Amino acid sequence: MRRASYLPFGKPSYTEAEVEAVSEVMRSGWIGMGEQTIFFEEELASYVGIKNVVTVNSCTSALFLSLLVSGVKPGDEVICPSFTWCATANTALYLGAIPVFCDIDADTLCASTDSIVKKCSDKTKAVVVVHFAGYAIDVEKLRAVLPAHISIIEDAAHALGSRYSNGMMVGSSGNLTCFSFYANKNLSTGEGGAICVADNQIAEHLRSLRLNALSVNAWQRFITPQSILFSGQLTELGYKMNYTDMQASIGRVQLRRMGEMQARRIEIAGVYTKRLQTACPQVRLQKNCAGAGHAHHLYVVLPPDNALFNRDRFILNLRAQNIGATVHYLPLHLMPLYLDKSGKADQLAVTEQLAKVCVSLPISASMSLDDAEYVIENVVKQLREMKHK
């Protein structure tokens, strides 16, 4: 039987605690960046296991500022996967740098270390790795094979709660690591992002850059009346990329609930994996897609790339049953923005093959196990029907 309401692929999990936290901030009269933001940064830093967290208005801003403080300048090259959201590459363009796309690993769906190394040149300034779907790349292994002057920046928009192979939380590596708090993320404040920073001096620089590069911000002026006429001296170009206390108040509650929310994602991934491995063993899954160290932001299935499988029809059939299946992602290197003047693109064989068939199934902490059973029942039905057509 078709479910009555549409099940989106990702939906925030909010309780009355989040509602009350926002109400308290609104009643306080201070809704901009202030005390709640400071508390959230401290609590998130403790959760991840890093000295500093700097919140900003989006993960896009986090990536941009991370490239900026890493010294990326016009003409520099920034390596990143093509199998990602456009912001991963666009932020290099904002700085006049050149995105260079690498291929992905067929098992992890994350940037291939071999492909990254092959793409390095004398112009390479940084590598942006994406912990795709919540699978954590082995950044220690990557660091060991890269020249020391090339910065590693971690796009962890999918990976709050993920763990590296050494058991440490994503964000604790010492690399600048960028999180997203967008509406469908594992921890959602509607919008927003954060940068994990090991170096105190770099953290202070980022805090300045996110708010017009002023040495004294609005909250400091508010709590220090004698500084009311002093906004600090401008010594460099800054940006308006700050977080707010309204968002931070939600984030603090969400962070306290991370254990329960991650447990539900693990349960849903387990339901999907068990059923698919039994009923449709020809379908490939991302490595560790049901493991405890995976953040389970996305659950991606990879049906066989053959004439019998039509991805668009598959997704539309699921949506007809009110299941919000979708695609992550279309390859960036084939987008008109990134094609060279001749219209040619680098060949990234694994990216191009897997991007044709990948499908993301709904997964969120707001789903019930009955929701998960409904999804996988229809997925298996569709796959079997296509196999025998």
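The values are calculated or read from the model by the stated rules, or taken from the named source; none is laboratory data. Because the structure is predicted, anything quoted here is derived from the model rather than measured. Neighbour counts run over all protein chains shown; Cβ positions are idealised from the backbone, glycine included. Note: accessible area is taken over every heavy atom of the protein model, side chains too, but ligands, DNA and RNA are not part of it. Shrake-Rupley method; radii C 1.70, N 1.55, O 1.52, S 1.80 Å.
What do you reckon, is residue 104 hydrophobic (A, V, I, L, M, F, W, C), surrounded by 15 or more Cβ atoms within 10 Å (Cβ to Cβ) and within 16 Å of the chain's Cα centre (by Cα)?
It is false that residue 104 is hydrophobic (A, V, I, L, M, F, W, C), surrounded by 15 or more Cβ atoms within 10 Å (Cβ to Cβ) and within 16 Å of the chain's Cα centre (by Cα).
What is the one condition in (1) open to solvent by 20 Å² or more (accessible area, probe 1.4 Å); (2) at pLDDT below 95 that residue 291 does not satisfy?
(1)
Give 255, 214 a once-over and let me know the one that is under 30 Å from residue 364 (Cβ atoms) and either open to solvent by less than 50 Å² (accessible area, probe 1.4 Å) or modelled with pLDDT under 90 (or both).
255 is the lone residue from the list that is under 30 Å from residue 364 (Cβ atoms) and either open to solvent by less than 50 Å² (accessible area, probe 1.4 Å) or modelled with pLDDT under 90 (or both).
Would you please list the contacts, defined by Cβ atoms under 8 Å and residues six or more apart or on different chains, that run from a residue in the stretch 125-149 that is aromatic (Phe, Trp, Tyr) to a residue that is outside any loop (DSSP other than H, G, I, E, B) and open to solvent by less than 60 Å² (accessible area, probe 1.4 Å)?
What qualifies is 132/81; 132/104.
Look through 360, 366 and report the one residue that is closer than 30 Å to residue 266 by Cβ and in a strand (DSSP E or B).
The unique qualifying residue is 360.
For the stretch 38-48, check the following and say yes or no: at least one residue is buried (at least 20 other Cβ atoms within 10 Å of the Cβ), modelled with pLDDT of 95 or more and more than 16 Å from residue 170 (Cα to Cα).
For the stretch 38-48, residues buried (at least 20 other Cβ atoms within 10 Å of the Cβ), modelled with pLDDT of 95 or more and more than 16 Å from residue 170 (Cα to Cα): present.
Just for strands (runs of 3 or more DSSP E) wholly inside the stretch 124-200: which have at least 3 residues that are among the small types (Gly, Ala, Ser) and touching a strand residue (DSSP E or B) at 6+ places or on another chain (Cβ under 8 Å)?
Per the criteria, no element qualifies.
Can you confirm whether residue 82 is under 25 Å from residue 339 (Cβ atoms), of a type in the set (S, T, N, Q) and either open to solvent by less than 10 Å² (accessible area, probe 1.4 Å) or at pLDDT below 95 (or both)?
yes
What's the number of the condition residue 72 fails, among (1) of a type in the set (A, V, I, L, M); (2) in a helix (DSSP H, G or I); (3) open to solvent by less than 20 Å² (accessible area, probe 1.4 Å)?
(2)
Search the stretch 315-370 for residues being hydrophobic (A, V, I, L, M, F, W, C) and over 24 Å from the mean Cα position of the chain (by Cα), and hand back the single one that is least open to solvent (accessible area, probe 1.4 Å).
So, considering only residues that are hydrophobic (A, V, I, L, M, F, W, C) and over 24 Å from the mean Cα position of the chain (by Cα), the one least open to solvent (accessible area, probe 1.4 Å) is 318.
Tell me which residues, restricted to the stretch 15-31, are assigned to a loop (DSSP other than H, G, I, E, B) and surrounded by 17 or more Cβ atoms within 10 Å (Cβ to Cβ).
Matches in the stretch 15-31: 30 only.
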